[in-house]
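Structure first, commentary second.
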Amino acid sequence: MSSHSHHETEFHTHRDTLVNALRKVLADDALLYQSEDLSPYECDGLSAYRQLPMVVAIPTTIAQVQDVMRICNQLNVPVVARGAGTGLSGGALPHAQGVLLSLARFKSILNIDTDNRSATVQPGVRNLAISEAAAKYRLYYAPDPSSQIACSIGGNVAENSGGVHCLKYGLTVHNILQLKVVTIEGELITIGSNALDAPGYDLLALMTGSEGMLGVIVEVTVKLLPTPERAQVLLAAFDDVVKAGSAVGNIISAGIIPAGLEMMDKLSIQAAEDFVHAGYPTDAAAILLCEVDGTNEEVSDHISAVREILQSSGATEVRTAKDDAERATFWKGRKAAFPAIGRISPDYYCMDGTIPRKHLPTVLKGIEDLSSEYGLAVANVFHAGDGNLHPLILYNANVEGELERTEEFGGKILELCVEVGGTITGEHGVGMEKINQMCVQFETAELEQFHAVKHAFDAKGLLNPGKAVPTLHRCAEFGAMHVHHGELPFPELERF
Amino acid sequence: MGLNINEDISQSLQERVSAAMNSKTALKIVGGNSKAFYGRETDGEILNVSGHSGILNYEPTELVATVRAGTKLSELQQALSAQGQMLPFEPPHLGESATVGGTVATNLSGPRRPFGGAVRDHVLGVKIINGKGEILHFGGEVMKNVAGYDLSRLMAGAMGTLGVLLEVSFKVNPVAENELTLYRNCSIDTAITTMNEWASRPYPISGGVFDGENLYIRFSGSENAVEAARKKFGGDELEDANNFWLRIKEQQHAFFGGDAPLWRLSLAPASPHILLPGKTLVDWAGAQRWYKGEANADDIRQAAQKSGGHAVMFRGGDRDQAFQPLDPVVMRLHKNLKQAMDPNGILNPGRLYAQL
Ligand SMILES: Cc1cc2nc3c(=O)[nH]c(=O)nc-3n(C[C@H](O)[C@H](O)[C@H](O)COP(=O)(O)OP(=O)(O)OC[C@H]3O[C@@H](n4cnc5c(N)ncnc54)[C@H](O)[C@@H]3O)c2cc1C
């Protein structure tokens with residue numbers, strides 16, 4: 001992408017110098033530098049952005065990671081960590097003059113401590129593999145991003161990933177205990193502990209969601225939770241998205257925190273239904289999927305309460321999954337929503353804003369207006385319980401200028417989220433993609449504070465340069481005005 | 001909705017911090033002074049934040065409350081309770097004057113912590129004054145937010161050494177429909193094992209304590225869920241259970257009496273009982289052990305570390321060494337962070353560690 005050139009972050013070490021140094025610490029098959037070998041690493045899940053790295057390093061031991069970091073630090077070479085490459089914000093986009101450090105070979109589950117209900121795993125372990133390994137002890141790892149069959153736990157920590165169950169069980173940051181991290185100087189440190197807290201600053205929180213900007217995660221200890229005795233899901237159809245939105249508020253006002261509470265709009269319902277035949281009501285304007293879990297008794301109590309609330313909130317139909325198979329089918333449509341959209345459009349672009357839920361009608365209306373303005377269709381998938389909105393913009397990259405229009409449209413959606421008091425990213429991260437919108441969300445002094453924190457860990461700026469936090473220069477170029485608190489473009493909206 | 005919003009004094013606080021930054025004068029940040037005993041001592045000019053108070057925005061259906069740091073914790077809890085909601089971390093007040101700012105700065109959480117999360121888990125956003133006298137916002141009022149580094153949670157437990165808290169947005173939760181506390185007499189070893197066995201099963205547990213005599217388990221949930229737990233767990237129902245949990249959380253239980261130093265050991269929850277001269281109260285279903293006794297500080301710290309955690313000299317011992325020493329590389333990163341947030345080292349210097 002021309003608009004994302006690395007002009008701000010140029011480095012000048014010659015490839016041969018780097019390769020010669022790395023050869024001393026890595027086996028032949030752990031070091032790639034021929035362009036045909038590099039191309040599988042040229043992008044992450046946001047394939048609109050592509051860049052070949054200078055070198056790919058695929059170490060197998062922590063000591064090798066430390067060596068790679070020491071060499072890069074010494075030679076002044078940038079390092080971009082990569083887990084499974086499913087990220088959706090270009091966080092693992094390589095640097096042209098740098099090392100792409102793949103953690104793909106760190107695949108072992110090191111220990112499952114059933115007494116203390118934790119698992120210690122290497123960073124390349126897939127999210128779902130942890131729950132699979134813990135299942136025989138009737139334990140599981142709660143955060144479940146839709147990409148869980150593929151994404152790595154290291155990537156989850158780096159992005160603070162969420163999932164459809166995070167309203168009740170929290171995000172990655174709430175479900176990890178300890179990290180081992182290699183600093184840019186090549187030192188190995190332990191952050192957090194096996195207890196519920198650790199002395200000093202909460203570096204565990206700071207490291208979570210830091211997008212590979214502060215260190216490389218080489219080991220993760222996660223909390224495991226007891227598998228609920230039972231889970232039950234309800235599907236409710238609505239003839240109006242706004243009604244579906246208020247149903248969400250009504251459930252929460254009743255004192256029930258569902259395990260999952262997801263909304264899909266008409267276009268997503270139809271696409272998902274065509275794809276996986278989940279039996280979704282395709283004439284509905286919106287559906288809500290509401291899962292409650294816990295003990296048998298708790299689920300029975302809550303499921304009838306939720307059913308009543310959905311009905312009194314104007315649902316045209318409420319179905320309860322009759323068994324686990326039907327429950328899986330209800331979820332299948334939601335979990336396959338992204339690929340389902342991929343079938344009906346040559347390309348799609350996934351946004352990730354979070355808003356205070358009460359502003360849902362305003363934001364959906366705003367998106368609809370922008371959609372007609374840009375002539376691009378949008379399907380909305382929504383982690384409704386926690387206000388995290390995923391509008392999917394449908395476009396065709398082969399049509400000249402359409403990607404640029406899509407990006408602009410996407411940027412406008414994120415700005416709209418900020419205007420109503422929300423954020424530009426709920427779980428996918430800033431990466432390379434939303435770097436300009438950071439200028440909208442934060443003031444100069446706040447961005448400077450972020451840079452100072454980055455400097456505390458990485459004074460030379462070698463870890464994932466150019467991502468996550470824009471330089472002030474970049475913001476000036478982008479020309480974005482921070483949306484000042486109290487001077488909102490939507491003064492009629494009640495905020496307090 | 002807002003409640004009891006007093007005059008906004010953030011600007012005068014900011015001016016004080018800026019002036020202190022320029023003259024390199026240390027500031028001692030004070031809220032309600034209820035936790036003045038906790039941690040190391042700092043002796044700068046007093047910066048009193050308690051006047052900066054009020055509940056700025058509380059939206060029960062959004063599960064979010066934004067509060068000025070000087071607001072009394074009890075006032076916030078009353079407002080939540082009027083809507084059937086609560087702070088899920090059950091914060092100890094340790095004094096009537098406790099404020100929201102002090103609650104976040106110390107990151108102390110009550111018995112619900114292993115099930116409901118800690119203070120830091122519920123901080124969604126903050127407004128602070130950093131050591132340069134700049135007013136900054138991080139995070140916000142939404143549940144999920146990964147824009148920028150998580151500097152909001154970083155404030156929790158930082159003891160005011162990284163910024164003066166002006167406002168905090170919390171995630172709040174509904175209060176459970178029913179609660180029940182069951183107890184039975186047993187040994188400390190049996191209590192630790194039993195708590196952990198129960199916590200490994202999908203029951204609606206919200207507290208696990210052993211007070212030297214009895215094991216207490218609290219259940220919170222729907223009526224039928226709590227009743228089912230009663231049948232499975234057995235034991236006797238504790239009358240006046242709210243008062244029991246309050247006395248544990250506020251350290252008013254008889255265990256906490258007497259002059260011996262009080263230590264807080266934070267451990268992997270199933271760790272066996274650590275034998276030290278004195279007595280132990282188990283909280284957090286095993287993950288937090290209160291130890292009252294005269295054992296040598298190094299022995300206590302080593303034992304805690306062996307059990308996967310650390311020890312804090314909570315009250316009555318050598319305040320200079322309140323917190324477990326850090327690994328040298330981790331300490332270097334701490335110093336760098338302090339430098340990044342408070343370059344002249346004026347905010348509560350030495351309150352957490354001598355070097356910060
Ligand atoms: C179909 C689909 C559905 C998705 N659904 C969700 C969802 O429901 N919720 C959600 O939150 N996300 C979702 N995602 C996004 C993505 O899966 C997550 O962000 C995931 O955590 C990325 O993990 P990864 O291993 O693929 O990381 P990568 O993409 O490889 O890397 C992501 C970032 O983490 C850094 N990183 C990776 N490993 C390390 C490490 N060991 N140390 C330091 N930094 C590291 C990288 O530098 C990069 O900045 C989805 C993606 C797809 C394609």
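The values are calculated or read from the model by the stated rules, or taken from the named source; none is laboratory data. Predicted model, so just to flag it, every value in this text is computed and none were measured. When we count neighbours, we look across all protein chains shown, and the Cβ atoms used for this are built from the backbone with ideal geometry, even at glycine. Accessible surface is based on the protein model in full, side chains and every heavy atom, while ligands, DNA and RNA are left aside. Shrake-Rupley method; radii C 1.70, N 1.55, O 1.52, S 1.80 Å.
A few notes on this one:
- With the charge dipole of the stretch B:1-144 set up from +1 on Lys and Arg Cβ and -1 on Asp and Glu Cβ about the Cα centre, the Cα lying farthest toward the positive end among the listed residues B:G125, B:I55, B:N6 is that of B:G125.
- Relative contact order %, chain A, counting alpha carbon pairs below 8 Å whose residues are six or more apart: 14 percent
- Annotation: amide H of B:L47 within the under-5 Å range of B:K28, B:I29, B:V30, sequence separation 5 or more or interchain, hydrogens built in the peptide plane.
- Structure note, pairs A:K136/B:K249; B:K28/B:K127; A:K412/A:K460; A:K180/A:K223; A:K454/B:K127; A:K180/B:K335: Cα-Cα distances above 27 angstrom occur for A:K136/B:K249; A:K412/A:K460.
- Cα-based radius of gyration of chain A once divided by 2.2 N^0.38 Å, which approximates compact folds: 0.98
- Per atom type, the stretch A:288-344 shows carbon and sulfur on 50% of its accessible surface, probed at 1.4 Å.
- Cys with no candidate disulfide partner in the protein assembly as shown (beta-carbon separation under 4.7 Å rule): A:C43, A:C72, A:C151, A:C166, A:C290, A:C350, A:C417, B:C186
- Amide H to amide H distances under 5 Å link A:A142 with A:L225, where only residues 5 or more positions off or on other chains count and H is placed in the peptide plane.
- Mean residue ellipticity at 222 nm, helices only, chain A: -10500 deg cm²/dmol; runs of at least 4 DSSP H residues each add -39,500 (n - 2.57), and the sum is divided by the number of residues.
- Degrees between helix A:360-374 axis and first principal axis of chain A (Cα, 0 to 90, nearest 10): 70 degrees
- Reachable aspartates and glutamates from B:K72, criterion Cα separation under 17 angstrom, eight or more residues apart if same chain: B:E7, B:D8, B:E90, B:E96, B:E167, B:E250
- Peptides B:240-246, B:211-217 ordered by packing proxy, namely the average of other Cβ atoms within 10 Å per residue, highest first: B:211-217, B:240-246.
- Surface accessible to a 1.4 Å probe, per residue, for the residues of the stretch B:178-319, Å²: 40 Å²
- Of the residues A:T172, A:L224, B:P204, the one whose Cα sits farthest towards the positive end of the charge dipole of the protein assembly as shown is A:L224 (charges of +1 on Lys and Arg Cβ, -1 on Asp and Glu Cβ, taken about the Cα centre).
- Considered as an equivalent ellipsoid built on the Cα gyration tensor, the protein assembly as shown has semi-axes of 38, 34, 28 Å, the largest given first.
- Relative contact order of the stretch B:253-356: 25 percent, from C-alpha pairs under 8 Å at least 6 residues apart in sequence.
- The residues of chain A have, on average, 35 Å² of accessible surface per residue, using a 1.4 Å probe with all protein chains present.
- A/B buried area, accessible surface, summed, 1.4 Å probe, Å²: 6600 Å²
- D_trans [Stokes-Einstein, Kirkwood Rh over alpha-carbon pairs] for the stretch B:170-299, 25 °C, 0.890 mPa s, µm² s⁻¹: 159 µm²/s
- Between A:L463 and A:V79, the built amide H atoms are under 5 Å apart, and every one of these is 5 or more places off in sequence or on another chain.
- Between the Cα long axis of helix A:444-457 and the first principal axis of chain A there is an angle of about 50°, rounded to the nearest 10.
- Across the stretch B:14-27, rounded Karplus estimates of 3J(HN,Hα) from the backbone phi angles (6.51 cos²θ - 1.76 cosθ + 1.60, θ = phi - 60°) give 4, 4, 4, 5, 4, 4, 5, 4, 5, 9, 6, 9, 5, 10 Hz, Gly and Pro being marked x.
- Rel. contact order, % - alpha carbon contacts under 8 angstrom, at least six apart, chain B: 19 percent
- Take the Cβ atoms of A:H14 and B:K335, set R0 to 30 Å, and the FRET efficiency comes out at 0.30.
- Reach of A:K322 by Cα under 22 Å, taken over lysines that are not fewer than 8 positions away in the same chain: A:K332, A:K335
- Counting Cβ atoms of other protein chains within 10 Å of each residue's Cβ and taking the mean over peptide B:330-343 gives 5.
- Applied to the stretch B:231-241, the Karplus parametrisation 6.51 cos²θ - 1.76 cosθ + 1.60 on θ = phi - 60° returns per-residue 3J(HN,Hα) values of 5, 6, 7, x, x, 9, 7, 7, 6, 6, 4 Hz, with x for Gly and Pro.
- Counts of other chain beta carbons within 10 angstrom of each beta carbon in peptide B:286-293 average 1.
- Other protein chain Cβ atoms within 10 Å, averaged over every residue that makes up B:196-204: 5
- Computing FRET efficiency as 1/(1 + (r/R0)^6) for A:A397 and A:A445, where r is the C-beta to C-beta distance and R0 is 30 Å, gives about 0.20.
- Ranking A:T120, A:L100, A:T316 by Cα position along the charge dipole of chain A, where only Lys, Arg, Asp and Glu carry charges on their C-beta atoms, puts A:T120 farthest toward the positive end.
- Entry note: the stretch A:30-169 has Rg to Rh equal to 1.01, where both radii use alpha-carbon atoms and Rh is the Kirkwood radius.
- Binning the C-alpha pair distances of chain B at 20 Å intervals from 0 yields a P(r) profile of 29, 58, 13, 0 %, listed from the shortest bin outward.
- Its Cα centre serving as origin, the protein assembly as shown has a Cβ charge dipole (Lys and Arg +1, Asp and Glu -1) of approximately 1940 debye.
- Listed by chain and number, the aspartates and glutamates whose C-alpha is less than 13 Å from the C-alpha of B:K292, apart from same-chain residues fewer than 8 away, are B:D211, B:D259.
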